[in-house]
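Bear in mind these aren't lab numbers, they're just calculated from the coordinates by the rules spelled out. Here the structure is a predicted model, which is why all the values come from computation and not from measurement. Neighbour counts are summed over all protein chains in view; Cβ atoms, including those assigned to glycine, are modelled from backbone coordinates with ideal geometry.
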Amino acid sequence: MTAATADLCDAFSDVQVSLPVWRDYGGLIRFAGQAVTLKVDGDNGLVRAELETPGAGRVLVVDAGGSLQCALVGGQLASLGVQNGWAGIVLHGCVRDTAELGGQRLGVKALASHPRRSAKSGGGEREVPIRFADLTINPGNWIYADEDGLIISEGELRLPES
């Protein structure tokens, strides 16, 4: 089980702590893994392509510029993420199909829900540094998320055994 973000913050002073802007939509509230980063603009083609690859317990972090104009992740993409072993998705944008997302064994944090789907041309950038919510996230950083928030570290964090 992943340690609580509050406990990790207490033990590791050098973690980045996100602004409290996230809503939980997935069936898993607590999740962690290494970041795979995407930067997109109203287009989820690259998001789908990434979720179709083996996740190996990683977290897909998508910078959609904080757009509230359309959803980039819904039930079908979340299902792909579960099938391919992704731990979670952090989306600086919107999701849809929230009832379906809540039934998936996947962590999903996003800003809001929106019924409109996105474009699907596949534009965007993969494995680039991204910045939002007072965070700078580099590919390979570790993401820790739970009901209290989201934190980022350069390496994997482990609490000492008590």
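Data for the structure
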read-out: The chain - mean residue ellipticity at 222 nm from DSSP helices (-39,500 (n - 2.57) per run, n ≥ 4, rounded to 500); value: -4500 deg cm²/dmol
read-out: Antiparallel DSSP beta bridges within the chain, percent to nearest 5; value: 45 percent
read-out: Label point at A4 placed 7 Å out along Cα→Cβ; residues across region 25-66 whose backbone nitrogen lies under 14 Å; value: 30
read-out: Fraction of beta bridges assigned by DSSP in region 87-162 that are antiparallel (%, nearest 5); value: 55 percent
read-out: Summed side-chain charge close to L159 - residues other than L159 whose Cβ falls under 12 Å, Lys, Arg +1, Asp, Glu -1; value: -3
read-out: Neighbourhood net charge (15 Å Cβ-Cβ; Lys/Arg +1, Asp/Glu -1) for A87; value: 0
read-out: Amide H contacts under 5 Å for R117, placed H, 5+ residues apart; value: A71
read-out: Contour excess over end-to-end distance, with Cα ends at E147 and A49 and 0.36 nm allotted per residue; value: 32.4 nm
read-out: Extension gain from A11 to D41, taking 0.36 nm per residue of separation minus the Cα-Cα distance; value: 7.2 nm
read-out: Extension gain from D134 to Q69, taking 0.36 nm per residue of separation minus the Cα-Cα distance; value: 21.2 nm
read-out: Long-range amide H partners of F132 with built H, under 5 Å; value: I137
